[in-house]
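Below is one structure, written out as structure tokens; comments come after it.
Read-outs: derived from the displayed coordinates by stated rules, not from any lab. The structure presented is a predicted model; accordingly, all values stated were derived computationally and were not measured. Ideal geometry is used to build each Cβ from the backbone, glycine not excepted, and the neighbour counts take in all protein chains shown.
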Amino acid sequence: MGEKLKDKVAIITGSDSGIGRAMAQAFAEEGADIAITYLEDRHGAEQAKAEVEKAGRRAIVVKFDSATLRRWRGCSAKPMRSSARPISW
């Protein structure tokens with residue numbers, strides 16, 4: 001496991017499948033905690049979360065439509081509220 005992203009938090013849209021899921025895994029392997037977002041595939045998002053946690057990092061799952069700015073704000077605040085330690089953005 002690398003440390004390029006140690007103690008950083010990444011919000012990766014569409015990380016429930018495909019390229020987004022691969023990015024979530026790669027970021028976790030470099031030390032980042034991940035906010036996994038999905039639009040419809042909750043099961044895929046939960047699988048991605050398990051993969052991130054298997055890499056030794058924390059993850060949360062957020063139902064999220066990136067088409068609306070208001071939801072962006074809610075998504076960015078949720079990882080901070082659910083964290084056991086402060087997160088700097």
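Which FRET efficiency value, to the nearest 0.05, do you get for residue 67 and residue 47 by plugging their Cβ-Cβ distance into 1/(1 + (r/R0)^6) with R0 = 25 Å? All intermediate terms of the calculation are to be shown ahead of the outcome.
Working: r = 24 Å, r/R0 = 0.96.
Efficiency, rounded to the nearest 0.05: 0.55.
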Practice problem: Report Rg(Cα)/(2.2 N^0.38 Å) for the stretch 1-65, keeping two decimals. | Solution: 0.96
Quiz item: Hey, which lysines would be in cross-link range of residue 63, C-alpha to C-alpha under 19 Å, not counting anything within fewer than 8 residues on its own chain?
Solution: 49, 78
